[in-house]
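Here is the structure we will look at.
Read the figures in this text as sums done on the coordinates, not as results from a lab. Owing to the predicted nature of the structure, the values given are computational and were not obtained by experimental measurement. Ideal geometry is used to build each Cβ from the backbone, glycine not excepted, and the neighbour counts take in all protein chains shown.
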């Protein structure tokens, strides 16, 4: 099902459907890191498809910026915006944090108070100290980045809305270049880049991964790309390809990055591909063009994708411990069954989290929160 053709939509359901594809990329990446597939040959084949699946988080960062820029409410206040984002994100975080912490206590794992408190406050990726970034529910590191994005958006968006369209396009091209220069993996080999970019020289070598992959200000560049693309879309000035071509471009770029792009360079390259894909999907919805991502099942999967992301690693890890298979995978055919069961189990728990925590908490926390403060508005959007 592709939805009705040539009927403009007020919402962007294709972007919701794409959320599931990104969440599944992250899931596939963790299938590899959790070693669910044992034989080296088949593991390598799986990693050829999902080895860059961690880039699904980059999709979410770009999408976050795009959607928040596109949907910014006229006259919205900073406080109201921050509260809505807190109400959307934090209840799922708190529920999974408590569940994982309880499981750690039940297993007799060592619980270190400082990393636990940093995780609870979503501050864990602001330090390069070992034991912080992936503490408790490991995937919540990305929420630490998201909270920083949300904090900055009410200050950044009004400025971007004042910038001429031509300059916005220049910025959209420049930000991925800055990401490339920050990554600078070739500089350690004595190449010409080593004398060009000093960013990583101020970070101990052992923590370069933290700086390029986990540090919120650096990861905010992906979010900024999404915000710029969202502003261009609200103006009707997005000039990217349609959904079909942008999808083919993304698949091609993903394959090239998997096979040939060295070091950390894939992050900036795939960020560009995600911006183009998101722009193409939004264009399809706004123009009422056919889109497979509006299929109701995919939209539903996209709606629970945040909960799915939050539960899948912890659920699989604890089941593996119960089965005494942690770090010991299966042969290919049984592994496929385990992977399918992992998807089904994670979806079931995600549906429960979405239904009984995320939605009720969002309704409860945002009820009657139509504040009338005089702080500066986040920005306006058409319609």
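Contact order, relative form, for the chain: 39 percent (alpha carbon pairs under 8 Å, 6 or more residues apart, mean separation divided by residue count). Report note on the peptides 282-291, 224-233: ranked by the mean count of other C-beta atoms within 10 Å, highest first, their order is 224-233, 282-291. Each peptide in 107-119, 18-30 receives the mean, over its residues, of other Cβ atoms within 10 Å, and ordering these scores from highest gives 18-30, 107-119. Taking other C-beta atoms within 10 Å as the exposure proxy, 93, 237, 312 rank 237, 93, 312 from fewest upward. Across the stretch 1-106, C-alpha contacts under 8 Å between residues 6 or more apart give a mean separation that, scaled by the residue count, equals a relative contact order of 25 percent.
Using the count of nearby Cβ atoms within 10 Å as a rough guide to exposure, how do 239, 161, 294 rank from fewest to most?
Ascending Cβ contact count within 10 Å gives the list 239, 161, 294.
Stretching the chain fully between residue 11 and residue 71 yields a gain of 20.7 nm (0.36 nm per residue, less the alpha carbon separation).
Projecting label points 7 angstrom from Cα along Cα→Cβ for residue 324 and residue 111 puts them 2.7 nm apart.
Annotation: peptides 83-89, 336-342, ranked by per-residue average of other Cβ atoms within 10 Å with the highest first, follow the order 83-89, 336-342. Cα centroid separation, the stretch 225-302 to the stretch 42-108: 19 Å. Quick note on the stretch 284-344: its Rg to Rh ratio, both from C-alpha atoms and Rh being the Kirkwood radius, is 1.18.
Working from label points 7 Å from Cα in the Cα-to-Cβ sense, the residue 295 to residue 245 distance is 2.5 nm. In the stretch 111-150, Cα pairs under 8 Å separated by at least six residues give a relative contact order of 37 percent.
Fewest first, what order do 47, 331 take by the number of other Cβ atoms within 10 Å?
Details: 47 18, 331 11.
Least to most surrounded, the residues fall as 331, 47.
What is the calculated FRET efficiency for residue 344 to residue 40, with r their C-beta to C-beta distance and R₀ = 35 Å, to the nearest 0.05? For residue 344 and residue 40, the calculated efficiency is 0.85.
Rg ratio for the stretch 25-139: its Cα radius of gyration over 2.2 N^0.38 Å, N being its residue count, equals 1.34.
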